[in-house]
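The block underneath contains the structure these notes are about, expressed in structure tokens.
Bear in mind that the values in this text are calculations on the coordinates, not laboratory data. Predicted model only: the values in this text are computed from it and were never measured. Glycine gets a Cβ as well: all are built from the backbone with ideal geometry, and neighbour counts include every protein chain shown.
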Amino acid sequence: MEKRNERIEVMNHLAVNMDDIVNKYLIPIDTNWQPSDFLPDASKETFFDEVKELQQAARELPYDYWAVLIGDMITEEALPTYESSIMVVQGVDMVHEPEGWARWTRAWTAEENRHGDLLNKYVYLSGRVNMKAVETSTQYLIADGFDIKTDDDPYKTFVYTSFQELATNISHRRTASLAKKHGNNSLSKMCAMIAADEMRHHKAYKSFITSIFEIDPSEMMIAFADMMKQKIVMPAHFLREMNGEKSGVYGHFSDAAQRLGVYTGKDYIEITELLLKDWNIATMTGLSGPAAKAQDYLMRLPERLTRLTDRIKVPELEYKFSWIN
Ligand SMILES: [Fe+2]
Ligand SMILES: [Fe+2]
């Protein structure tokens, strides 16, 4: 209980600067890009020609690419899960403090909402996708929720989001460059726009943790180590298909991402290393006994992960997704 009160106090202290936080890391809504900026306009006569062109370019993309793009899209579409899980974190209070961390959560959600919207319309127009199968997976993922083991702890939650926003930045960035490689410049642009949003979000969440380290270093260190001990699971880890088992298709999606090099075990290690560096974990002093132990664990983590990752082989076999025609 005491720990909980301390967490809420730290969160309230940081929320005093909510105007600055929102202005620094999010884009004013009126000037932000919207999905329709990148899609054929159905009110124009040129619409059908543009769709034809879009579909021709879509034919050049390989099977694994579709698996990854659709999996990424479904992950983005499960935003209700992410917003609702942050809304119940200690120090986020939509009822009593709607202009504090609840405001950040709403504004971040509003930006994120464009990602699934854009990708959904693209895959629909591409003609390559069984939309009903995809929509069923999306409904399942939202209904199944996720289990990311952050509890309602703001420290763990912001470690998770710092990590995850960078992971999504990397994967959208890579789907952008692959699209370009296959001559699909318009899809490349879409993925790149999304990737840029994710990078801003990553910087925001990372700065929240930096501020918490300044106020409550020992507890923050322990929370960071706790999160890394149980591994950062991907938000779509319950991904399934129609009539399928919970999590049944997640492994196939992540295998496709590894085969394509869009998101790999190596990326997990590099994100970990970057967070260790940016939060100055190595040089932090004045920690409690348990926090110093947590620091030790964290500093050894990249080497341990490298040993484990070297042993993992990615299955070569492509899986037949119900999503892809
Ligand atoms: Fe996103
Ligand atoms: Fe994001």
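Short-range pairs are left out: with C-alpha atoms under 8 Å and at least six residues apart, the relative contact order of the stretch 211-325 is 32 percent. Each of Arg311, Arg173, Arg106 has some number of other Cβ atoms within 10 Å of its Cβ, and from fewest to most they run Arg311, Arg106, Arg173. Could you pull out which residues in the stretch 114-155 have an amide N less than 18 Å from a spot 7 Å beyond the Cα of Ile29, following the Cα-Cβ vector? What the label zone holds, given the 18 Å backbone N cut-off, is 114-118.
The count of lysine pairs in the stretch 16-165 that are at least 8 places apart or cross chains, and whose C-alpha atoms lie under 22 Å apart, stands at 5.
Starting from the stretch 180-269, pick out the GluC sites (Glu not before Pro) whose DSSP state is loop and whose Cβ has at most 10 other Cβ atoms within 10 Å. Numbers along the way, then the final one.
Working: sites: Glu198, Glu214, Glu219, Glu241, Glu245; in loops: Glu241, Glu245.
The qualifying sites are Glu245.
Compared with the dominant Cα axis of the chain, that is its longest principal axis, helix 265-278 is turned about 40°. Taking 0.36 nm per residue of separation and subtracting the Cα-Cα distance, full extension of the segment from Tyr63 to Glu303 would add 83.0 nm.
If you take the beta carbon distance between Ile8 and Thr46 as r and set R0 to 45 Å, what does 1/(1 + (r/R0)^6) give as a FRET efficiency, to the nearest 0.05? Working shown, then result.
Working: r = 55 Å, r/R0 = 1.21.
In this case the efficiency is close to 0.25.
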